[in-house]
Structures are given as C-alpha cells and as structure tokens.
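Just below is one structure, and these are the notes that go with it.
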Amino acid sequence: MLLASHLARSRHGVFQFRVVLPDALALAIGQKEIRRSLGTREPEVARLAAYGLSAKIIPLVRSLSSAMASNPKDIDPDNIWETLNIVGNTGKRYELDLQRGIMKADGPDDHARMMEAIAAAKALNAVMDVPRRQMSPIDAPPPPPATSNDAAQARAQRERAIFESAALPTVSRPQTIDEAIKGFLTFKKHTAPGTQVMYGRRLKVFKALAGGGRRMLHLLTEQQALDMVAALSLIPSHARGREIPSAAELLKSTHEEKTLGSGTIGDHITQFAAFLEWAIRSKHHPGPNHFKGAPKPGGGTAEGGADAFTVGELEKIFDPALFASMSRPHRFWGPILGLFTGARSNELAQLRLVDFVDEGGLKCIQITHDPAGGTRTKNAASKRTLPLHPKLFEIGLQDYLDDLKALGFDELFPNLPIDKQGKREKYLSRDFNELHLKNLGIWKPRQKVFHSFRDTATQAMTDAEVKDFFIDSWLGHSTKTITDKHYRRKPLPQRLAAACLPALGFEFLNLDGIRYEKGRWNVWLARFAKKPE
C-alpha cells in the first residue's frame, strides 16, 4: 500500500509519524529523522494524526533549518530556552517535547553547535512568522553566507525550500470537521431548539461537501470552499446530509433532478460562513473565511417569501360557511387571530390563557419567551404586547377563553402538541395551508401560506401610512435605525393601538356570519385534549 506523506509502518504494523531532516539540521541535532508511534493500525486514523503532527512539526523544522543562514554571533543567548520552549537536561541531552510540537534529540556532542543552531532559529523567527503570501523577495531570508562549506550550505537552503513548499496550514487547535461541528453546536446551545436543528442540518451538508467529517478542518482551502459553493446548486432538493456526495464528485456528475432553490443555497452559504468564522476565532482554521462574500444566486418571485393575501382571497378564506364547519379550535381561531394580529404562527399556537391580559382597560396578548412555560420567541424584538381588535370579541373570543378556563385548560389550543423543537405551530400551519387554502385553490408553497397574514397586516398598515417604528414594534421586528434601537423604548399598548388598530379593521370583509357558539368544542376538548398535570 502506498503510504501518505510522513507515514511509515513498524514491523508490527503500527503506523509511525516520520519526518526526514535536512542534512544541516540533522547534523546540528544529531539525528537524521523524527519518528513517533501513532498507536494505531488504521490508515485513516493514522493519516488524521499525521496531519495534526505535521502542522506542528514542519514549521519548527523550517525554523531550525533557517538557523543555517544566520550568524549566531548576533544572537543574545540569555533568553533562548524560554523563547523556544526547550528544556535542557543534565549533560549533553536536550529534550524537546513532541506533544508541544517540538522534537527529541539525544545529542549532539558538540554543545556549542546545538546552541548556535537554536539561537539562529530565534534570530529568523520574526521573518519566518510572516505569511508566505505577504513576503516579497526583499523580505525573504538572506542567502547563506559564504563559508568553506558552500556546497553543504546550498544543499541546506534547497532542502529548506522543499520543506516550505510542503508545509501544511498551521493552527494551534487542529480539529476534524466532526469535532468542529460538535464544538460549534455546543457554542450555540443557548439558541432556540429549532435554530439548533437548522444549524445541524446545514452543517451535515457542509461535512458531506467537504469530503467527510474525518477530514481536518484547517486543511480546507479556498478552492475547495469555492467548489462547495458551486456544488450547492447541484444537490437534489430531496437529498439529506448523509446522501450528499462530496463537492468534487457532484461537480463531475450530470443529472436532471430538481435541485435546491436559490434562497436555500444562500442560507447554506451564510451558515457555512458563520461556521468557518467561529472556527477561525477558535483557532481551528487559519483563515481567511473562504465563504464570506461568496456569490449567492438571485431568487425569482417564487423565492421572495410570502405574499399578502388579496381582497378576493381574503373573502374566500373567511367565508362564513367554511367557518361554520370547522371541526377543530385552531382551524377556526388560527386564521382569525392571524388576520387581526399578523403574529407568527407559533406565537399564536403557543398562547396560554395567562397571556391574555388587560392593559389599562385594553385587552391584549403578551408574546413572551418562557421556555419553562412552553413559549418561545424568535428573538428579543419578538417579545411584545399586542392590543386585540374589538372584532375578535364580537366573534366570540371571550366566550372561547371562558370555556377553556371552565374545562381546566391553560393553553389557547390545548390540542396542539409540542414538537421536538419546542413549537406548537405544526398543525396550525399545515391545516390552514394544505386543507383550507388548498381546497380554495389559493395555496402556493412559500408564497400563499399562513405567514401571508403577516404580509397582509404589513400591507394594511403601510397603506394607512403607519410609521415604520410602529409597524416594526407591532410585528416584532428589530428596529431599523440607531435612534429607534438605542433611544426609543417599545411603545405602550395604548400608543400601539392608536397607531395600528385602525389599519387592521379590514372593513371590506363581512365577518358578521362568523360566530363562535359557546361550548362548541367542549365535549371534543374534554375527550381528546391534554390537560395540564
């Protein structure tokens, strides 16, 4: 079997890390090569271990080789041991610990020669620390001085150049891609469960495109990153992380399957850039961030997010005959609350009875972040108090709340289960999109969905010339200006009601035929919904 660079096998089949030293350096330290047992017979495990040791050892060898080009008389030896982390033992033995990226030597006999070599390495340390891409010919180390042994000096210089060209990128904390992904997800453990799941899915794609989780992250090059970006547009839309080949394989393939949309590709590139930025800051990758600024495909109208419902669509959606036949509470109240609040589907699905409050005589809902109590918000700006339009109570919202309280329930929709991400929105969105809208011929994936109520509310407030600050406060968006962000507090519910509720009356809709009959779902809820323990 052809072994990877810097790998050798003992007669027992155990892999060893091996670096042959340049002649001049071998003479200085008294040994021709460095060897270290890797303690494994598995080629892939040995290869990964060798990568890590190469990142530590080769730069050191390069620095020590440079000593041959320096004048040791110009070096102050007082701080040599501390600077180069070299431990001197008794007699003529000098030990350099491999765990710290340093070598061992049982010599040389000539103590002065060892001192000169190490001191010279220190002298060129500043030059050798300059990244190669930043070095000009003027900055390059000077040629070796003329000596009686010019041939040996020239050979040492050539060997040093070979080591420089073969050196791998160096980092202080090398990790495999699997290890780095695990560290990143741990770093992000305080984000919402749904966001963590999304991070995990996208980083599975990263791992697959990069060639597998056992690759060393610090060896990811700019060209490989560009190939990964290009390969994103070739991934089948139905593929999962474990089914995706590497970027090199994808770029060679030809297929006509439906692939990821441009918005999804852009989201993956953003995630890849965030992951590599964390890795650079955590010393797992030398940088730069190859994904930062990578071109993202433009999206067509289908990729632009949800669209507001038209007047004609709203008239179909709120047909009184349809609401009279609704068989579940969330199918009835979900669209009505969505219309008059513009709140996110999970913000409505997770509402509790305690979230319905009275603020100075104004009936409101509080959208809160209380994971222990079963509620979550998208971000800090999402926490807000929304005034409720009087039409909701004309339809019978208070009667429904009273029924729930009498039955001993705590949630607005006690029949909606909590999913693995800590959300309750699944059936609220699914039933509205795939039953209600689909039967009406309105549903369009990503465009005409429950989320369209937010766009409908935004459009209504914009048409009524409501100020952006109040629209952002109502929708739970981060404010757009420094003044709003740092110097204005969120408006009180009374101010929010005065600014926004007149625009959200939807006077063109005739909702007189939609009414909640008290006790409508009491029997069904008592039988099927889960009561608090």
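The values are calculated or read from the model by the stated rules, or taken from the named source; none is laboratory data. What you see is a predicted model, and the numbers here were worked out from it, not measured in a lab. With ideal geometry, Cβ positions are generated from the backbone for all residues, glycine too; neighbour counts draw on all protein chains shown. All accessible areas refer to the heavy atoms of the entire protein, side chains included, with ligands and DNA or RNA removed. Shrake-Rupley method; radii C 1.70, N 1.55, O 1.52, S 1.80 Å.
Remark: for residue pairs K189/K420; K188/K283; K378/K423; K283/K378, the C-alpha separation exceeds 20 Å in K283/K378. Sorting 444-455, 519-530, 392-403 by their mean Cβ neighbour count within 10 Å, with the most densely packed peptide first, gives 444-455, 392-403, 519-530.
Divided by 2.2 N^0.38 Å, where N counts the residues, the Cα radius of gyration of the stretch 352-510 comes to 1.12. Ranked by solvent-accessible area (1.4 Å probe, protein heavy atoms only, all chains present), the residues M216, M198 order from largest to smallest as M198, M216. Using a ≥ b ≥ c from the Cα gyration tensor of the stretch 298-409 (square roots of the eigenvalues), is it rounded, prolate or oblate, where a/c under 1.5 gives rounded and otherwise the larger of a/b and b/c decides, a/b for prolate? Oblate is the answer for the stretch 298-409, as a/c is 1.5 or above yet b/c matches or exceeds a/b.
Subtracting the Cα-Cα distance of R430 and Q494 from 0.36 nm times their residue separation leaves 19.7 nm of extension gain. Within the stretch 195-253, the percentage of alpha carbon pairs spaced more than 18 angstrom apart rounds to 29%.
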